């Protein structure tokens, strides 16, 4: 199968005016939100969890099928230890308090990224939530945690080598099958908050043909109206995937 055929096979059949089925969000601006209010960064991260909940609920209302959010990158380990510790605590709290309520609304939660650098207790919480929500089918929530796009591609390459495949057997489908989560849908739309204009090592493979929307809104302020505006912007575009 040639390159164009693979692209078209994976491409959704959405027409102009239709909304995205799969959305990814880079949730940026927590620390700036807190600093502007004279608060510690931890307060911004906690407010960000509330923004996540209302955004997931808005995604359900908009009939979005999959939502992938960038919660903690491989580079975030370089932040001050106190902030990293607070992030781990908040992440655990979110799993215990927020995500089970979303499961009652039909949300299946799955995590993508590494898990070997977190505590055994946090790893257990992640696994249990995945198991408990496995049958939910209203929306798939993918949480990228200890995730980096380059690290994912390097890990995929290692797994391909370890599998013993010959060079001529390797194509895009083979590489995609060796990513952290091969069944994570390629996003139709990527949203980044806080006014930054970059993708910051997020889903490098999966975003190849995604539409991009950037907003100045800081993540803790993001809500249903902002998601709806991004979806409307997407609906006004025609996706060509390199064709005319």
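If you build a Gaussian network model of the chain, linking Cα atoms that sit under 10 Å apart, which residue out of 130, 169, 152 swings the most?
Looking only at 130, 169, 152, the largest GNM fluctuation is found for 169.
Under the 0.36 nm per residue contour assumption, what length would be gained going from the current alpha-carbon distance of residue 176 and residue 115 to full extension? Write out the running numbers ahead of the final one.
Values: separation 61, 0.36 × 61 = 21.96 nm, distance 2.02 nm.
My answer for the length gained is 19.9 nm.
Label the chain by shape, choosing from rounded, prolate and oblate, from the square roots a ≥ b ≥ c of the eigenvalues of the Cα gyration tensor; if a/c is under 1.5 it is rounded, and otherwise prolate applies when a/b is larger than b/c, oblate when it is not. Don't skip to the answer; put the middle values down first.
Numbers: a/c = 1.60, a/b = 1.21, b/c = 1.32.
The shape class here is oblate.
For residue 63 and residue 123, calculate 0.36 nm times their separation in residues minus their Cα-Cα distance, and state this gained length in nm to one decimal.
18.6 nm
Sorted by mean Cβ packing within 10 Å, highest first, what order do the peptides 131-141, 80-90, 50-60 take?
Top to bottom by mean Cβ count within 10 Å: 50-60, 131-141, 80-90.
Which residue fluctuates the most in the chain, going by a Gaussian network model with Cα springs under 10 Å, if the choices are 226, 101, 171?
171
Taking 8 Å as the Cα distance limit and 6 or more residues as the minimum spacing, I'd like the relative contact order of the chain as a percentage.
30 percent
Connecting C-alpha atoms closer than 10 Å in a GNM of the chain, tell me which of 122, 99, 189 has the biggest fluctuation.
Judging by the Gaussian network model, the answer is 122.
222 nm [θ] for the chain, helices only, -39500 (n - 2.57) per DSSP H run of 4+, per residue, to 500?
Only helices count here, giving -13500 deg cm²/dmol.
How much FRET efficiency would the formula 1/(1 + (r/R0)^6) give for residue 158 and residue 204, where r is the Cβ-Cβ distance and R0 is 25 Å, rounded to 0.05?
With a Förster radius of 25 Å, E is 0.95.
Could you give the distance between the Cα centres of region 210-239 and region 144-189, to the whole Å?
Going from one Cα centre to the other spans 28 Å.
Only the coordinates and a few stated rules stand behind these numbers; no lab work does. Please read all numbers here as calculations on a predicted model, not as lab measurements. Because the Cβ atoms are built from the backbone with ideal geometry, glycine has one as well, and the counts that use them run over all protein chains shown.
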